[in-house]
Amino acid sequence: MMTTVFKRMLRRPGLSLAGLVLAAALCFILCFLVRYRDLQAAQLEEIRNGYAVRGVVTDARGTKSNNLCLNRMWLEFILDEEKGLAPYITDVRLIKNLESQSELGRALAVGVSSPQTDKRLDVSLDGGYHCEREDFFETKDFCCLVPETVYEKYAGGQIACMLTNPYTSAGLGSVGDNNGMEFKLDVVGWYKGDGTDVILPFPAAQRLGGRLTNTISVDAISFALKDNSQADLVREIAAKEFIQPDPSSLSFRPGLTIQDRQYRAALTEMEQNIRRTERLLPVCAFLSLAAGFFMGFLSVRGETKTYALMRTLGVGAGRLTGMVLLEQLLLPAAGTLAIGLIMGQLLPALVYFACHAVGCLLAVLRPALAAPTKLLRVQE
């Protein structure tokens, strides 16, 4: 049987080669689409799980997110586990600014709650720092980081800073503000770069600010969502205390912006790509079936006399059908298997081959099963 099949394939090499090329090309397209869909689905899941959607407190107009001098009630609401946002957020970043006059010059004493809060400390933003205290960002002790370039001078010692409320000089201070107070800060490390600012732990900066103003405030608040799909819920809860920033707003309430526009746009684009790709997969399956039918039709066209003679010589209908299918599917099977292995998409390649085989079977079944007398009448 195999000898007969190979002889017939060699007798029509052009048709056999065309079947191989057509099957390989269509199989490649199908495997490529499946791989592209899977890649997009993986990227979609990665964005859903790894994209950090942040919420940022701003002024009512949305024009600034620092130096807000927010009453601690706003921070308490954000950190409230029952009525606030705490169950839905993580990575809360806080800043408290004070004006500083020291040996380094006139600058700021910036209180931060984590290394990511200030780009000078954040390694991912080419910043960096060294600190001798592991609890630096949580402590209320009066300690600080100084620029790397002057650290050797103050290492293990103290630096005297005259601290003032930055809003007093701007006419925005409170009635109880002091004109300024000198504090000695323990130098416990350095931050990358130069400059004149000193960096404090946020709790310590709040404590110092309280001594200066007799009130506890925070100048910048931001956070990340635990679950990006809950952005609308966070907006709804936040609306109890915060407003939606509006350039024309005259409100004294701060605004809150959930920065999920880019996140939603990325999700929408990938979901659309996946849907478009999935709509093409049935088209490819139909094309593979059509390709099998076309190649099968070409193989049996003009062969009715040969089939009649083979049936007359005792070749059964089933065996004849198997021989014709083997002749038409041997090279396409090799091509699809090779494409599937090369692209790492063996299952889609097998699905393609199954469709191709069904199409070919539909084309060859009728002439292969017909009675010899009928085949001869068709030939006449």
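Side notes on the structure shown:
- Top-ranked residue of segment 16-36 - restricted to ones that are of a type outside the set (A, V, I, L, M) and surrounded by fewer than 19 Cβ atoms within 10 Å (Cβ to Cβ), ranked as nearest to the chain's Cα centre (by Cα): TYR36
- Looking only at residues in segment 321-341 that are surrounded by 23 or more Cβ atoms within 10 Å (Cβ to Cβ) and closer than 16 Å to PHE294 by Cα, the one that is modelled with the highest pLDDT is PRO332.
- Tally, over segment 227-262, of residues that are touching a strand residue (DSSP E or B) at 6+ places or on another chain (Cβ under 9 Å), in a helix (DSSP H, G or I) and surrounded by 13 or more Cβ atoms within 10 Å (Cβ to Cβ): 4
- A single entry from LYS140, LYS83, LYS64 fulfils the requirement of being assigned by TED's automatic domain parsing to the domain that holds ALA155, basic (Lys, Arg), assigned to a loop (DSSP other than H, G, I, E, B) and within 18 Å of LYS226 (Cβ to Cβ): LYS83.
- Condition met for VAL92 (part of a strand (DSSP E or B) and within 32 Å of the chain's Cα centre (by Cα)): yes
- Taking segment 26-51 as the range and being among the small types (Gly, Ala, Ser) and modelled with pLDDT of 90 or more as the test, the residues that pass are ALA41, ALA42.
- Number of positions in segment 67-80 that are assigned to a helix (DSSP H, G or I) and modelled with pLDDT of 90 or more: 7
A quick yes/no check of all residues on (1) among the charged types (D, E, K, R); (2) within 49 Å of the chain's Cα centre (by Cα); (3) at pLDDT below 90:
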{"residue": "LEU267", "(1), (2), (3)": "no, yes, no"}
{"residue": "SER299", "(1), (2), (3)": "no, no, yes"}
{"residue": "LYS305", "(1), (2), (3)": "yes, no, yes"}
{"residue": "ALA317", "(1), (2), (3)": "no, no, yes"}
{"residue": "PHE353", "(1), (2), (3)": "no, yes, yes"}
{"residue": "PRO367", "(1), (2), (3)": "no, no, yes"}
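- Single match in SER222, SER249, SER169, SER217 (criterion: at pLDDT 95 or above and closer than 23 Å to LYS64 by Cα): SER222
- The combined condition, being in a helix (DSSP H, G or I), at pLDDT 90 or above and over 30 Å from VAL34 (Cα atoms), is not fulfilled by GLN272.
- The combined condition, being in a helix (DSSP H, G or I), of a type outside the set (Ser, Thr, Tyr) and buried (at least 16 other Cβ atoms within 10 Å of the Cβ), is fulfilled by LEU44.
- Residue ID - surrounded by the fewest Cβ atoms within 10 Å (Cβ to Cβ), chosen from residues in segment 48-61 that are touching a residue at least 12 places away in the same chain (Cβ under 8 Å) and outside any strand (DSSP E or B): ALA52
- Close pairs from segment 320-341: first closer than 18 Å to CYS31 by Cβ and in the same structural domain as ALA24 (by TED's automatic domain parsing), partner of a type in the set (Phe, Trp, Tyr) and in a helix (DSSP H, G or I), Cβ under 7 Å, at least 6 apart: PRO332/PHE353; ALA333/PHE353; THR336/TYR352; THR336/PHE353; ILE339/PHE28
- Lone qualifier among ALA265, ALA224, ALA220 - being within 30 Å of CYS143 (Cα to Cα) and surrounded by fewer than 19 Cβ atoms within 10 Å (Cβ to Cβ): ALA224
The values are calculated or read from the model by the stated rules, or taken from the named source; none is laboratory data. The shown structure was predicted, so the numbers you read here are calculated from the model rather than taken from an experiment. Here the Cβ is made from the backbone with ideal geometry for all residues, glycine too, and neighbour counts use every protein chain on show.
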